[in-house]
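Below is one structure, written out as structure tokens, with a few remarks after it.
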Amino acid sequence: MSFKNVFYFSGLLACLGVPAAVAGFASVTPTITTSGASTVGVDNGYAGLKWTLDGGFAPAIVVGYRHAEVTTGGNAQGADVSFSFNIFNGFEPGKLRVKYFNGQENIQGEVGAGYDFSKGLFAGIGAQGPFSNLGVDYNFTDSNHWEPYFIINTLGEYNKPSRNTIISCPANSTYNNATGLCVFNPA
């Protein structure tokens, strides 16, 4: 009897419920279970420096709070609220902004709206990457409607929550990485 025939015969015996000691080389599929969070909430306070196209060299300061729901697959979505202000020529409030964002752990697209203390209501779109944010606002009441901006901030990449994988084999067997099966150990 060849090795190939012994392998098939032992597999047949295992399917019929013949004990492992008799079956010899029988193998079965292991039980695989996972545990751990599939989604985790992440809360971050942050600070940054913001430059606008028509704002000159001096940046505004941005402070904010961001809540994200991050999945094990790396999807990230949530909300952000921020306030910007100028301090280089005396304190001057800038913008109060609320955003919704959605994307991956390393980059998210954003849509938002808010109030500019010198220009009125605005809406905007942008993208947040690790430690940087790029976007454009549309000011409804200002004659120069479009205002592109760039922010360097303290928001890095989100960490995906980890999951534990447990591989279980029946008694008197061991897991074989090469085949992905539980191989019975003859007594």
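Under 6 Å between Cβ atoms, which residue pairs at least 6 apart in sequence (or on different chains) link something in the stretch 132-145 that is assigned to a strand (DSSP E or B) with a partner that is modelled with pLDDT of 90 or more and of a type in the set (S, T, Y)?
Correct list of pairs: G135/Y149.
Which residues, counting only those in the stretch 67-100, are closer than 13 Å to V42 by Cβ and of a type outside the set (S, T, Y)?
Across the stretch 67-100, the qualifying residues are H67, A68, E69, V70, G74, N75, A76, Q77, G78, A79, D80.
Considering each residue of the stretch 159-187, count those that are surrounded by 12 or more Cβ atoms within 10 Å (Cβ to Cβ) and within 30 Å of I107 (Cβ to Cβ), and give that number.
2
Take F122 and decide whether it is touching a strand residue (DSSP E or B) at 6+ places or on another chain (Cβ under 8 Å), more than 29 Å from N159 (Cα to Cα), without any contact (Cβ under 8 Å) to a residue 60 or more places away in the chain and surrounded by fewer than 14 Cβ atoms within 10 Å (Cβ to Cβ).
Here the answer is no, as F122 does not meet what is asked.
The values are calculated or read from the model by the stated rules, or taken from the named source; none is laboratory data. No experiment lies behind these values; they were computed from the predicted model shown. Please note: Cβ atoms are built from the backbone with ideal geometry, for glycine as well, and neighbour counts cover all protein chains shown.
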